[in-house]
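The values are calculated or read from the model by the stated rules, or taken from the named source; none is laboratory data. From a predicted model like this one, the values you see are computed outputs, not experimental measurements. Glycine also receives a Cβ, built like all others from the backbone with ideal geometry; neighbour counts cover every protein chain displayed. Surface areas here come from the heavy atoms of the whole protein model, side chains and all, with no ligands, DNA or RNA. Shrake-Rupley method; radii C 1.70, N 1.55, O 1.52, S 1.80 Å.
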Amino acid sequence: DFHAQSSLDSQLLKYTSGNFGNTHQGRSLAAIGAALLFAVSAFFYAAVYHMLWLPHVDTYNTATHRNWIALRCLFHVEDAVAHAEGVPERAKYSLMRDIDSLGQVQNKLYFGVDSSGNARSEMQLPKNQAEIYVEVDGLMTQWMDIARTVGTQKLTSVAEGQKYLEQMFSIYDQLMIGLERSADLYQADAMHAQSLGRTLDIVLVVVLAFLILGLYILIIAPSIENLVMAGKGTQATIAMIPESVGQRVPAIAQYLSSNNGIEAVEVRAAMLKAEKLLSNILPSSIAARLKAGESPIGDLHKHVTIMFTDIVGFTHMTRGMSASELVIMLDSVFCAFDKLADRRQLEKIKTVGDCYILAANLLRHPPRPPVTCVEAALETFKVLEDINKKEAAKKKGEDHERVIQQRCGVHTGQCVAGVLGSTTLAYDIWGDDVTYAGLMESNGVPGKVQVSSTTYSLIKQHFKASPRELKIKGHGLVSAYLIDGFNEAEAS
């Protein structure tokens with residue numbers, strides 16, 4: 001029968017959805033895991049690269065610079081000695097500048113070691129460099145002290161200056177050999193670190209290769225196998241269904257017409273996508289009935305409370321607005337109303353222009369439906385107040401005349417609800433009481449909720465209201481009530 005077919009259709013969709021959900025979840029976990037592991041590996045690689053084998057080109061170039069400055073110091077000392085009785089200020093300035101430069105680069109050629117300032121006495125040199133550090137450092141200090149003496153003291157004779165030159169030449173060969181050895185050892189240590197870096201490069205690539213292979217074997221391959229098994233299981237299940245029944249169930253008929261291969265997988269994916277789309281535009285129970293093949297859909301509902309709300313002066317307000325501004329304004333209002341309706345278990349019916357329609361006790365059943373609907377109507381004014389405040393704050397200092405106001409009407413009665421047609425599906429309500437709820441709004445007062453006498457009889461214990469008489473075409477003189485607020489007991 002029809003219900004058996006609908007149930008079978010639902011079970012099939014649930015079965016295929018579950019398999020797709022598991023496969024999708026497995027692939028997501030695989031992707032997340034791979035991304036995290038790759039990020040950690042890349043961070044580790046960058047840290048090791050920076051600390052161990054980042055090329056120290058500038059520091060290595062200091063070797064040539066250091067030797068050159070030492071030679072220039074010797075040249076300026078010879079110049080000063082040659083003019084012992086009247087050393088030019090230019091020569092003294094050049095000599096002192098070179099002494100300062102040599103002091104700055106004195107300890108800058110020790111690979112991976114901080115040898116500046118107070119750290120010099122505590123630094124731990126690589127084994128190859130430690131054996132020459134004391135010798136080279138002492139020779140450079142002695143070299144600069146001799147040069148500084150020549151630059152700062154006034155020589156009395158060329159003979160006195162010759163003594164300083166002899167001292168410098170006595171350590172010249174030893175100093176230059178030491179500087180070259182220091183540079184060579186630095187280069188050897190740097191090359192060793194770079195070799196280690198290349199080894200780590202290879203190790204990292206191998207680890208990543210095994211990681212990708214492991215992810216495929218442990219996660220991706222089983223997911224693909226499950227997907228294939230799901231397809232075979234679906235085919236076996238459908239093979240047991242009588243052809244006359246299968247052709248009458250939409251999901252099965254579509255599956256059978258898809259050649260049971262890759263197209264079948266695409267069909268199931270399309271079914272899931274269609275289901276999600278339907279759940280966004282139709283109530284879930286109505287969407288399920290449509291998927292089962294029921295059309296048209298129409299149900300009589302009694303004791304339904306319907307609310308209409310409409311923006312006052314909408315046409316005049318929008319004359320100076322662009323299309324994008326208009327859409328943004330309406331979207332901010334209606335999205336806030338959607339959240340309000342969902343929170344209070346009310347059913348949004350539709351929007352027509354600037355009119356928003358919802359109902360209570362239709363498909364969802366909140367406690368005290370008429371009271372809940374009127375409470376929601378009052379809350380819509382608070383929503384508009386908040387939107388107006390935000391809009392005014394944005395346009396502070398400008399001429400701000402756009403204040404959104406609304407009328408709201410509520411009526412309780414019966415209606416027919418359902419879906420008509422085969423394109424542009426929408427869930428709607430029809431009936432005299434629906435029209436009457438719209439009249440309560442259109443004949444209402446801006447900034448107020450107006451309810452019919454029928455609705456007021458159901459809520460009068462909870463709200464304070466002001467009665468009024470309305471003359472409505474087709475209905476004559478009718479009674480209505482403007483809600484003033486909650487009763488004291490209800491407000492407390």
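For the range 392-492, what's the relative contact order in percent, using C-alpha pairs closer than 8 Å and at least 6 residues apart? Please list the in-between numbers first.
Values: 156 pairs, mean separation 24.7, N = 101.
RCO, the range 392-492: 24 percent.
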*Surrounding net charge for His301, when Lys and Arg each add one and Asp and Glu each subtract one, Cβ distance under 13 Å*: -2
*What FRET efficiency do you get for Val403 and Glu469 if R0 is 45 Å and r is their Cβ-Cβ distance, rounded to the nearest 0.05?*
0.95
*asked:* Starting from 0.36 nm per residue, how many nanometres of slack lie between Gln104 and Lys350 once their C-alpha separation is accounted for?
replied: 80.6 nm
*Once a ≥ b ≥ c are taken as the square roots of the eigenvalues of the Cα gyration tensor of the range 391-492, is the result rounded (a/c under 1.5), prolate (a/b larger than b/c) or oblate (a/b not larger than b/c)?*
oblate
_Whole-percent carbon and sulfur share, accessible surface of the range 284-410, 1.4 Å_ = 52 percent
_Set Lys382/Lys448; Lys302/Lys348; Lys92/Lys154; Lys348/Lys464 screened for pairs whose C-alpha atoms are more than 19 Å apart_ = Lys348/Lys464
*Assign unit charges at the C-beta atoms only (+1 for Lys and Arg, -1 for Asp and Glu), then state the dipole size of the range 291-408 relative to its Cα centre in Debye, rounded to the nearest 20.*
240 debye
_Theoretical FRET efficiency, 1/(1+(r/R0)^6), r = Cβ-Cβ of Arg343 and Glu225, R0 41 Å, to 0.05_ = 0.40
_Distance from the range 425-454 to the range 163-185 (C-alpha centre basis), Å_ = 103 Å
*So between His83 and Asp173, what do we pick up on full extension, going 0.36 nm a residue minus the alpha carbon distance?*
29.8 nm
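Rounded to the nearest 0.05, what FRET efficiency do Gln414 and Leu36 have when you use their Cβ-Cβ distance and R0 = 56 Å?
Details: r = 58 Å, r/R0 = 1.03.
Once rounded, the FRET efficiency stands at 0.45.
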*Classify the range 371-442 as rounded, prolate or oblate, taking a ≥ b ≥ c as the square roots of the eigenvalues of its Cα gyration tensor: rounded when a/c is under 1.5, otherwise prolate if a/b is larger than b/c and oblate if not.*
prolate
*Just how much of Leu218 is accessible, in Å², when a 1.4 Å probe is used and the result is rounded to the nearest 10?*
130 Å²
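For the range 320-460, what is the accessible area per residue in Å² when the probe is 1.4 Å? Can you show the working numbers first?
Values: 6880 Å² over 141 residues.
Result: 49 Å² of accessible area for each residue.
In what order, largest first, do Arg66, Arg468 sit by accessible area if the probe radius is 1.4 Å?
Numbers: Arg66 0, Arg468 70 Å².
The ranking, largest first, comes out as Arg468, Arg66.
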_Ranking by accessible area, most exposed first, for Lys302, Lys473 with a 1.4 Å probe_ = Lys473, Lys302
